[in-house]
Amino acid sequence: MHEVKRQQSVKVGRVAVSALALVIAVMTMHAVARPGPQTPGRGSQPAAQSDEPFKSGATYVEKIPETNVSFEMVAVPGGTFMMGSPASESGRRPDEGPQVEVELAPFWISKHEVTWDEFDEFAFARGAKGLRTVDSAAADADALTRPSRPYGDESRGFGKGKQPAIGMTHHAAMEYCRWLSKVTGQAYRLATEAEWEYAARAGDANAAPESLAEGAWFAENADGEPHPVGGKQPNPWQLQDMLGNVAEWVLDQYDGGRYQKLSVLPQPLKRPVLVPDDRRFPHGVRGGSYLDGADALRYAARVGSSDEWSMSDPQQPQSIWWHPDESFVGVRIVRAVEEQPELRGLRSKVTQDSM
Ligand SMILES: [Ca+2]
């Protein structure tokens with residue numbers, strides 16, 4: 001996969017100059033004040049369907065208040081599984097082992113990658129959306145911040161709408177979840193690395209689904225570009241594009257030696273997560289993308305983000321919102337049925353001063 005990424009770096013290098021404009025841009029941040037606390041199902045908004053009781057396989061549609069944009073969440077049952085890959089797996093890399101047994105509680109996960117329709121409401125809201133612009137984030141420590149609109153095309157020429165949002169940093173993905181939680185009144189966040197692999201596998205202990213081409217956009221069928229979400233067959237738990245299309249940020253800090261450390265602890269490991277600190281890199285990315293070959297579209301394949309993804313950003317410090325040299329990572333969101341203590345109220349600790 002390194003090679004693929006390197007080739008892609010070269011390829012993107014050309015685009016990078018224009019992408020630069022995109023990023024040089026800006027990053028003066030607007031801040032938007034929090035909307036008042038919302039109780040789902042009360043007030044002037046119609047009853048939030050996120051009140052749907054949890055039942056494995058159930059779904060609900062969440063509408064972003066004061067917009068016509070919605071997304072679908074799917075209930076995933078709790079259970080145990082083997083995370084990682086056996087040494088015998090073709091294409092396997094050392095950071096995928098040894099396998100560890102993991103136990104997870106039930107959670108909701110978005111059926112699709114987050115689309116530009118959704119991400120735009122956070123990053124570039126076209127209307128008021130109940131949010132009020134304030135002069136400075138300093139006016140309120142909890143104020144939601146977001147990047148101003150870049151000069152260039154943040155979609156990298158791939159279009160918007162139902163296309164998956166791409167190119168944002170882990171910090172931006174975390175802030176998207178925080179904003180979404182405030183406006184919907186439900187606690188959305190990124191999937192932990194364990195939740196991601198469990199949901200992608202949907203009970204499959206093999207390296208990947210038997211027919212990758214039917215379920216995934218990747219180097220062999222994507223024509224070098226991401227595709228509107230939901231165009232391929234879902235996995236057995238109704239989730240689409242877990243593998244391929246855009247790779248997906250997970251919550252965890254990336255540590256290549258993580259499973260080795262976990263393997264000496266009592267199994268099964270209950271809801272393991274490596275809570276991210278204030279470093280800009282590395283964070284976990286899963287699933288492979290439209291640029292990757294089949295080896296990278298294995299359930300267990302892990303990637304850590306790196307400063308190479310922002311290499312062509314001339315700003316000092318570099319943007320904490322966009323990776324100019326990366327156009328293959330997007331977002332998928334999760335809502336815990338009952339949140340684990342270390343993730344309650346968690347937000348990105350990355351600031352412009354972060355290294
Ligand atoms: Ca994906």
May I ask you to list pairs of residues, at least six apart or on different chains, whose Cβ atoms are under 8 Å apart, with the first in the range 103-123 being under 19 Å from residue 60 (Cα atoms) and more than 16 Å from the ligand (Cβ to nearest atom) and the second being of a type in the set (Asp, Glu) and not in a helix (DSSP H, G or I)? 105/338
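Test of understanding: among 288, 231, 215, which residue is within 13 Å of the ligand (Cβ to nearest atom), without any contact (Cβ under 8 Å) to a residue 24 or more places away in the chain, farther than 19 Å from residue 99 by Cα and of a type outside the set (Asp, Glu)?
Working: 288 fails: without any contact (Cβ under 8 Å) to a residue 24 or more places away in the chain; 215 fails: without any contact (Cβ under 8 Å) to a residue 24 or more places away in the chain.
Answer to the selection: 231.
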Residues to consider are 333, 320; find the one that is surrounded by 16 or more Cβ atoms within 10 Å (Cβ to Cβ), in contact (Cβ under 8 Å) with a residue 60 or more places away in the chain and within 27 Å of residue 99 (Cα to Cα). 333
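Residue-by-condition table, conditions (1) surrounded by fewer than 20 Cβ atoms within 10 Å (Cβ to Cβ); (2) touching a strand residue (DSSP E or B) at 6+ places or on another chain (Cβ under 8 Å); (3) not β-branched (Val, Ile, Thr):
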| residue | (1), (2), (3) |
| --- | --- |
| 55 | yes, yes, yes |
| 75 | no, yes, yes |
| 91 | yes, no, yes |
| 106 | yes, yes, yes |
| 121 | no, no, yes |
Kindly evaluate residue 174 against the criterion of being closer than 24 Å to residue 63 by Cα and more than 13 Å from the ligand (Cβ to nearest atom). yes
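Could you go through the range 272-284 and let me know if any residue there is under 16 Å from the mean Cα position of the chain (by Cα), at pLDDT 95 or above and within 12 Å of the ligand (Cβ to nearest atom).
Taking the range 272-284 and keeping what is under 16 Å from the mean Cα position of the chain (by Cα), we get 273-276, 280-284.
If we keep only those that are at pLDDT 95 or above as well, we get 273-276, 280-284.
Filter once more, keeping what is within 12 Å of the ligand (Cβ to nearest atom): none.
The answer is no, given that none of the residues of the range 272-284 is under 16 Å from the mean Cα position of the chain (by Cα), at pLDDT 95 or above and within 12 Å of the ligand (Cβ to nearest atom).
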State all residues of the range 242-256 that are part of a loop (DSSP other than H, G, I, E, B), within 14 Å of the ligand (Cβ to nearest atom) and small (Gly, Ala, Ser); if no residue qualifies, say none. 244
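The values are calculated or read from the model by the stated rules, or taken from the named source; none is laboratory data. Predicted, not measured: the structure shown is a model, and the values here were computed from it. So basically every Cβ, Gly included, is an ideal-geometry build from the backbone, and we count neighbours across all protein chains shown.
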